[in-house]
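Notes follow the structure.
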Amino acid sequence: MYKTGDHIRVQVTEMMDDKIKVSRNPFPKCFFRYVPNGEYVGKVSGVQAYV
């Protein structure tokens, strides 16, 4: 999807000792559909393995 040198806008979601976790939200309208602490039904479409 992206290659070295690409510029994209991301949100920093977590900072650890030597790692920074970021998120690029491809669905900007979701902020209007969902509220903090809301409960929603969804489907897991993938899992990222961290080492």
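The values are calculated or read from the model by the stated rules, or taken from the named source; none is laboratory data. In this text the structure is predicted, and so the values were computed from the model without any measurement. Don't worry about glycine lacking a Cβ; one is built from the backbone with ideal geometry, like all the others, and counts go over all protein chains shown. Only protein heavy atoms, including side chains, enter the accessible area calculation; ligands, DNA and RNA are left aside. Shrake-Rupley method; radii C 1.70, N 1.55, O 1.52, S 1.80 Å.
Under a model in which nothing but the beta-carbon of Lys, Arg (+1) and Asp, Glu (-1) is charged, the chain shows a dipole of about 300 debye around its Cα centre. Subtracting the Cα-Cα distance of R33 and Y50 from their residue separation scaled by 0.36 nm leaves 3.2 nm. Overall dimensions of the chain, expressed as equivalent-ellipsoid semi-axes from the Cα gyration tensor (√(5λ), whole Å, largest first), are 23, 16, 14.
Rounded to 0.05, the FRET efficiency of the M15 and K43 pair, given R0 = 30 Å and the Cβ-Cβ distance, is 0.55. In straight Cα distance, which lysines are under 20 Å from K43, not counting same-chain residues fewer than 8 positions off? Qualifying lysines at Cα under 20 Å: K29.
Checking the cross-link filter: which lysines have an alpha carbon closer than 22 Å to that of K3, excluding same-chain neighbours under 8 positions apart? K3 reaches K19, K21. For the chain, the solvent-accessible area of protein heavy atoms averages 114 Å² per residue (probe radius 1.4 Å; ligands and nucleic acids excluded).
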